[in-house]
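Reading through the structure tokens given below for one structure.
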Amino acid sequence: MKTKHIFYSMALALIASWAYIESGAAQVAVVEAEEVSVTEVVPGKVHYYSPKVGNNWYISLGAGAQTFLTEHKGDAQYTLAMSFALGKWITPYVGIRINAMGGSLHSLWPDKTHMFHTRYAAVYGDLMWDLTNALGGYNERRVVSVIPFAGVGGIYGFHNPEANRKTYGFPVSIGMKINFRLGHYVDFFLEGRANAMTDQFNGVIQGRQIESIVSAIGGLTVKFGKERFVAYDAYADRMVINGLNNRVNELRSQLEVCESRECPPCPEQEVVVQEVIAEVPQNCNTDLAAVVRFRINSAVVSNEEMVNVYNIAQWMKKNPDCNVMVSGYADKETGTPAYNLSLSKKRAEAVVKILTSKYGINANRIHMEGMGSNKQPYPNNNNWNRVVIFSGKAAK
């Protein structure tokens, strides 16, 4: 009964620790107007987040060999080891999992003619560290990853002839996992684990003071969620915001100067006869200066970008003989090419919807295309590639 209570306590502790980490990762900072805090953002440091709670979960199933290091005579005995794991990557570098293992352990004691067969089941709570991502940077499509781990758990011997009773222990363990990416949803892995526990597990209290089960297994991992981790550059976003704030301050200063001036007396009106010159039609075939930027993984036009959509609408009203091409893009640093193509089309559709429904532009004057991430209009600044770009063209 005490053993069951201990296992329940360990399971609750693992679930609580994961919930705390998950909730911390999903928190959104809200800054009130009365209390503004300034956070120093390091240039070039990319952060990652998981768009959905269901992403980055996985299950693993494997089998291999194991040996029992205890009081033993003769050669080491190897038996079948079976493993099942349920885990989640909290960040691209740190993950947690619950790993269940079991099988039969063989040992020769007290001489080479007597072999004991001990059946057992063990549950470990492991902390995973993706060493490859930590040293080489996060890459969802990396083929080989090296992942050390450490854990604590409980082990239960339900058939132990040496002790002639049921036994249990609370081992600590370390190990190494090598992951081979087969696809977006499936990996192959090789894993080695060694645990350490007190001498009482096999029922022979002599010889070795520490007993250990060493195992090597291989198997498959099935990963859940369409997306993995999404990158964002807080420094680049901060620079854009600072630039907009500086522009607002400049406009405020100019407005104050204008308001402080006294109006000069109005001159008398003079009748001037001017020669009427026919206005040369404006060339429609040109790239328009306005662009609409989007946040990562978003196709929603923000309030800050609405002014650029408004400017395009006004240009189209002043130039009724011109049409507009609306081209959507996505940055190639995040997402797959297929996903980015769909996202770029959604961004173009969002802009077209505002032009037609809010500003009354005839839909026949607008042409739309999604360029995806194969073409990057701003190769030197990846954050600017999440845009919609306008270009004028003559109406047919």
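Asn99 satisfies every condition listed in (1) surrounded by 17 or more Cβ atoms within 10 Å (Cβ to Cβ); (2) without any contact (Cβ under 8 Å) to a residue 40 or more places away in the chain except (2).
Every residue, every condition in (1) in contact with a helix residue (DSSP H, G or I) (Cβ under 6 Å, 6 or more places away or on another chain); (2) of a type in the set (A, V, I, L, M, F, W, C); (3) modelled with pLDDT under 85, yes or no:
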| residue | (1), (2), (3) |
| --- | --- |
| Tyr185 | no, no, no |
| Phe188 | no, yes, no |
| Glu191 | no, no, no |
| Ala194 | no, yes, no |
| Phe201 | no, yes, yes |
| Ile205 | no, yes, yes |
| Gln209 | no, no, yes |
| Ser215 | no, no, no |
| Glu227 | no, no, no |
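Can you name every residue in the stretch 133-186 that is farther than 30 Å from Trp109 by Cα, among the aromatic types (Phe, Trp, Tyr) and in contact with a Lys or Arg (Cβ under 7 Å, 6 or more places away or on another chain)?
Correct list: Phe149, Tyr185.
Taken as a whole, the structure places Arg365 among residues that are modelled with pLDDT of 90 or more and farther than 18 Å from Ala299 by Cβ. For the stretch 120-142, the tally of residues that are free of Cβ contacts under 8 Å to residues at least 12 places away in the same chain and more than 17 Å from the chain's Cα centre (by Cα) stands at 1. Restricting the stretch 319-362 to residues that are closer than 10 Å to Ser373 by Cβ and acidic (Asp, Glu), the residue that is modelled with the lowest pLDDT is Glu333. Only one of the numbered conditions (1) in contact with a Ser or Thr (Cβ under 6 Å, 6 or more places away or on another chain); (2) in a loop (DSSP other than H, G, I, E, B) is not met by Met325, and that is (2).
Here is a yes/no grid of residues against (1) closer than 16 Å to Asn308 by Cβ; (2) in a helix (DSSP H, G or I); (3) within 20 Å of the chain's Cα centre (by Cα); (4) free of Cβ contacts under 8 Å to residues at least 40 places away in the same chain:
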position: Lys332; (1), (2), (3), (4): no, no, yes, no
position: Ser344; (1), (2), (3), (4): no, yes, yes, yes
position: Ala350; (1), (2), (3), (4): yes, yes, no, no
position: Asn380; (1), (2), (3), (4): no, no, no, yes
position: Asn383; (1), (2), (3), (4): no, yes, yes, no
position: Val388; (1), (2), (3), (4): yes, no, no, no
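Of the strands (runs of 3 or more DSSP E) lying entirely inside the stretch 143-213, those carrying at least 3 residues that are under 34 Å from the mean Cα position of the chain (by Cα) and of a type in the set (A, V, I, L, M) are 144-159, 172-181, 186-198. Within the stretch 116-133, can you find the residues that are of a type in the set (D, E, K, R) and within 19 Å of Asn195 (Cβ to Cβ)? If the condition is that a residue be of a type in the set (D, E, K, R) and within 19 Å of Asn195 (Cβ to Cβ), then Arg119, Asp126 are the ones that fit. If only residues of the stretch 299-322 that are closer than 22 Å to Tyr378 by Cβ and free of Cβ contacts under 8 Å to residues at least 24 places away in the same chain are counted, the one that is farthest from the chain's Cα centre (by Cα) is Asn311. If only residues of the stretch 47-96 that are crowded, with 19+ Cβ neighbours inside 10 Å and polar (S, T, N, Q) are counted, the one that is nearest to Asp237 (Cα to Cα) is Ser50.
Quick test for you: out of Ala65, Ala122, Ala85, pick the one residue that is at pLDDT 95 or above, closer than 22 Å to Arg165 by Cα and touching a strand residue (DSSP E or B) at 6+ places or on another chain (Cβ under 6 Å).
Numbers: Ala65 fails: closer than 22 Å to Arg165 by Cα; Ala85 fails: closer than 22 Å to Arg165 by Cα.
Sole residue among the options that is at pLDDT 95 or above, closer than 22 Å to Arg165 by Cα and touching a strand residue (DSSP E or B) at 6+ places or on another chain (Cβ under 6 Å): Ala122.
Which of the residues belonging to the stretch 354-378 are surrounded by fewer than 15 Cβ atoms within 10 Å (Cβ to Cβ) and within 28 Å of Ala231 (Cβ to Cβ)? Passing the criteria: Glu369, Asn374, Lys375, Pro377.
The values are calculated or read from the model by the stated rules, or taken from the named source; none is laboratory data. These numbers were taken from a predicted model, which means no experiment stands behind them. Cβ atoms come from the backbone with ideal geometry, glycine included; neighbour counts cover every protein chain shown.
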